[in-house]
Amino acid sequence: MASDDASLANHYVSYLAAAFAKHADAAVFRPYVDRTDFWPTVTYRELNAQLAAAKEHWKVALAPLGLTHGDVVGCWFTGRRLADFVNSTALSALGFVPQFFGGYFPSADSVLLLLERGGGKALVVDPSLAAPFAEHPSTVPRFSPLAPAELDTLAAARPLDEWAFGADRAVRLDDVAILFHSSGTTAGLPKIIPNTFRMLRSVLEHKFSKEQLPSRPGVQVCYNTIGSLANIGSYQCLIGAINLGGCVAQSSSMLIPPAELLGLVRECKITILVLYAPFLSALLRPAMADPELEGALLTLHQITHTGVALNKDDEDWAYAHGLNINTSYGTTETGPLMWSRLGSAPADRAMRPIRGTRPVFLPQTAEASSVDAKGVELFECAIPADAEDCPPGDFCGADGFYHTGDLFERRFDGWVYRGRAGDWIRLQRGFCDTKSVEDFVRSACKDVIHDVVVLGTARPLAFWAVEVPREAPPLTEEEKGALKKEVLARTSEFNKTLFQHERVLEPKQVFVVEKGVLPRTKEKGNIRRAVTEELFQAELDALAPKN
């Protein structure tokens with residue numbers, strides 16, 4: 001992909017600076033303060049001043065390191081404070097590349113290793129996360145981020161209107177702007193996910209446009225945080241809201257309690273609710289018996305769910321009761337790619353590409369994944385290398401596409417998500433690289449198990465189904481229990497390297513079956529994961545229901 005000439009206008013911060021000037025007195029962020037009847041207000045003018053003051057601070061603080069344009073600076077933040085956004089965005093405006101680590105990262109070791117792989121020259125780490133570094137010495141210089149009170153003090157050093165935030169360095173569209181990370185681990189580590197300035201321009205101009213986020217005349221667009229401000233989804237949501245002149249109201253967690261949702265509607269006047277599907281179900285079900293909660297949901301201009309498919313009964317109820325519900329699909333590597341239309345007609349539920357995106361759908365060639373059990377043809381979503389939202393570097397295959405591994409069925413003139421191909425599965429809180437996990441378990445337990453498969457698609461927990469190495473005589477319940485403990489003991493250190501949602505830590509997460517019980521393909525003898533999920537559906541539903 002050809003790079004354009006370097007320009008300040010190519011920096012996503014230039015979009016934000018224009019919005020600060022245009023919407024100075026409007027609310028831009030409503031932080032959560034552990035109440036359901038009050039959210040403080042941060043205005044565009046105040047955020048502009050904080051960003052400009054933070055930029056001045058980091059310019060001085062990092063000067064002794066002699067960093068140059070494009071150097072990577074790690075940011076290990078909890079993601080619970082607007083100050084996290086301010087510190088990282090100020091670093092970006094100075095010409096550095098923030099590498100984001102959320103509070104959910106498993107260890108200082110993993111952060112330091114990923115920082116090294118990303119080429120990091122410094123690390124800004126929240127004091128609440130810094131303790132492990134006492135036992136993990138590193139030559140990388142470490143700094144503490146500016147806390148909210150410090151930002152307020154710095155911004156108050158001059159009249160707010162005298163602050164002007166903007167980019168210091170001209171950039172090319174194909175330069176890397178930010179390094180994020182995958183929500184699953186490969187061989188014990190998350191994958192580094194770069195965002196270029198071209199990709200972020202697509203986010204601002206297309207994916208968070210007025211066309212995609214509707215608002216009624218005279219009403220400010222306002223939506224909730226979808227998670228940590230130190231991950232790709234919430235960061236893109238916030239810069240998207242700023243560019244729109246909108247507002248983001250912070251929720252206590254991804255699972256919003258009903259009382260909190262009522263507060264967000266009443267106090268923050270949110271117009272759009274964005275949730276992962278299981279957390280939306282957790283609001284829809286009480287709304288079925290609570291007219292006040294149902295009424296609050298009915299006021300919303302749009303209710304967008306993403307991640308995994310919404311429970312069909314919950315979806316049908318939402319449509320039948322007139323909620324403005326729609327489905328979104330995207331990946332960590334590309335950002336949002338498709339949305340369904342608002343409306344109750346069957347065709348409205350199918351997703352279509354967002355204007356400005358260019359997903360293509362490739363027929364599957366492998367016999368096992370080309371059709372489902374009912375003979376419906378499936379297609380993989382892929383992104384051409386020259387598309388604006390295609391990740392850079394070696395993410396693309398030899399065929400010139402970034403392969404998402406997600407399968408879709410053609411329906412009407414759109415697409416319906418049908419799960420994943422390959423070795424990754426999508427759990428409720430992120431992904432799991434099943435091949436890496438299965439390879440490790442096989443190696444660590446090769447003398448006590450015959451094979452293993454990772455389960456848990458669309459569920460909050462991962463599970464392992466293991467086959468014993470003998471066909472007869474069958475194991476007693478006592479022997480099965482002992483095998484579970486042995487497998488967990490041999491994999492305990494490996495589990496510590498995984499994200500919480502990927503870990504298998506308790507005996508209930510291990511199913512033991514006799515050799516030959518796990519269903520396999522006829523040709524290659526590979527374990528059929530989807531069929532195994534069906535085999536253990538009752539057990540999985542009892543231990544970890546999908547919604």
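Just so it is clear, none of the values below were taken in a lab; they were calculated from the coordinates. Predicted model, so just to flag it, every value in this text is computed and none were measured. Every residue, glycine as well, gets a Cβ built from its backbone with ideal geometry; the counts of neighbours run over all protein chains shown.
Provide the FRET efficiency to the nearest 0.05 for the Glu514-Val360 pair, computing r from the beta carbons and using R0 = 30 Å.
Details: r = 44 Å, r/R0 = 1.46.
Using R0 = 30 Å, I get an efficiency of 0.10.
A simple spin-label model places pseudo-atoms 7 Å from Cα toward Cβ; at Val376 and Asp413 they are separated by 2.1 nm. Among the trypsin sites (Lys or Arg not before Pro) in region 459-541, those placed in a DSSP loop whose Cβ has at most 16 other Cβ atoms within 10 Å are Arg470, Lys515, Lys522, Lys524, Arg528.
DSSP beta bridges confined to region 424-543 are antiparallel in about 70 percent of cases.
Restricting region 66-116 to chymotrypsin sites (Phe, Trp or Tyr not before Pro) that sit in a DSSP loop and have at most 13 other Cβ atoms within 10 Å of their own Cβ leaves nothing. Computed from Cα positions, the angle between helix 477-490 and the longest principal axis of the chain comes to roughly 40 degrees.
Please give the contour-minus-distance gain from Glu56 to Thr153: 0.36 nm per residue of separation, less the Cα-Cα distance, rounded to one decimal in nm. Please report the intermediate quantities before stating the final value.
Details: separation 97, 0.36 × 97 = 34.92 nm, distance 1.32 nm.
Once the chain is fully extended between Glu56 and Thr153, it gains 33.6 nm.
Working from Cα pairs under 8 Å separated by at least six residues, relative contact order for region 358-499 is 13 percent. Computed over the alpha-carbon pairs of region 424-543, the distance histogram in 5 Å steps reads 2, 11, 23, 26, 22, 12, 4, 0 percent, short to long. Contact order, relative form, for the chain: 12 percent (alpha carbon pairs under 8 Å, 6 or more residues apart, mean separation divided by residue count). Report the net charge of residues surrounding Asp314, where surrounding means a beta-carbon distance below 11 angstrom and charges are Lys +1, Arg +1, Asp -1, Glu -1. Neighbour charge sum, excluding Asp314 itself: 0. With a ≥ b ≥ c the root eigenvalues of the C-alpha gyration tensor of region 147-190, is it rounded (a/c under 1.5), prolate (a/b larger than b/c) or oblate? Oblate, since a/c reaches 1.5 and b/c is not below a/b. Take the alpha-carbon centre of region 191-254, take the same for region 129-158, and report the distance between them in whole Å. Here the two parts' Cα centres lie 26 Å apart. Any chance you could give the angle, 0 to 90 degrees and rounded to 10, that helix 277-287 forms with the longest Cα principal axis of the chain? The angle comes out near 90 degrees. Applying 1/(1 + (r/R0)^6) with r as the Cβ-Cβ distance of Ala24 and Thr139 and R0 = 41 angstrom yields a FRET efficiency of 0.40. Between Ala164 and Leu298, with labels modelled 7 Å along Cα→Cβ, what's the label distance in nm to one decimal, could you check? The modelled label-to-label distance comes out at 5.1 nm.
Mean residue ellipticity, 222 nm, helices only, the chain: the sum of -39500 (n - 2.57) across DSSP H runs of n ≥ 4, divided by residue count and rounded to 500, is -8500 deg cm²/dmol. Charge tally for Val517 (other residues, Cβ to Cβ under 15 Å; Lys, Arg +1; Asp, Glu -1): -1.
Remark: region 47-55, residue by residue, has Karplus-estimated 3J(HN,Hα) of 5, 4, 5, 4, 5, 5, 5, 5, 5 Hz, where x stands for each Gly or Pro and the curve is 6.51 cos²θ - 1.76 cosθ + 1.60 at θ = phi - 60°.
Considering only the other residues whose Cβ falls under 13 Å of the Cβ of Ser251, what net charge follows from Lys and Arg at +1 and Asp and Glu at -1?
Residues near Ser251 contribute 0 overall.
Taking label points 7 Å from Cα along the Cα-to-Cβ direction, Gln537 and Val219 give a separation of 3.9 nm. Computed from the C-beta positions of Asn526 and Glu116 and an R0 of 45 Å, the FRET efficiency is 0.80 to the nearest 0.05. Here the 3J(HN,Hα) profile of region 99-113, calculated from phi with Karplus coefficients 6.51, -1.76 and 1.60 at θ = phi - 60°, is 10, 8, 10, x, x, 7, 5, x, 6, 5, 4, 5, 5, 5, 5 Hz, Gly and Pro shown as x. Bridge orientation summary for the chain: considering DSSP beta bridges with both residues in this region, about 60 percent are antiparallel.
So what is the relative contact order of region 256-413, in percent, for Cα pairs below 8 Å that sit 6 or more residues apart? Mind showing how you got there, number by number?
Working: 251 pairs, mean separation 22.6, N = 158.
Dividing the mean separation by the residue count of region 256-413 yields 14 percent.
Amide H contacts of Phe511: Trp464, Ala465, Val466, each under 5 Å away and 5 or more positions distant or on a separate chain (H built 1.01 Å from N in the peptide plane; Pro and chain starts excluded). Which entry in (1) 51; (2) 44; (3) 64 matches percent of Cα pairs over 33 Å apart derived from the coordinates of this structure? Of the listed options (1) 51; (2) 44; (3) 64, (2) comes from this structure.
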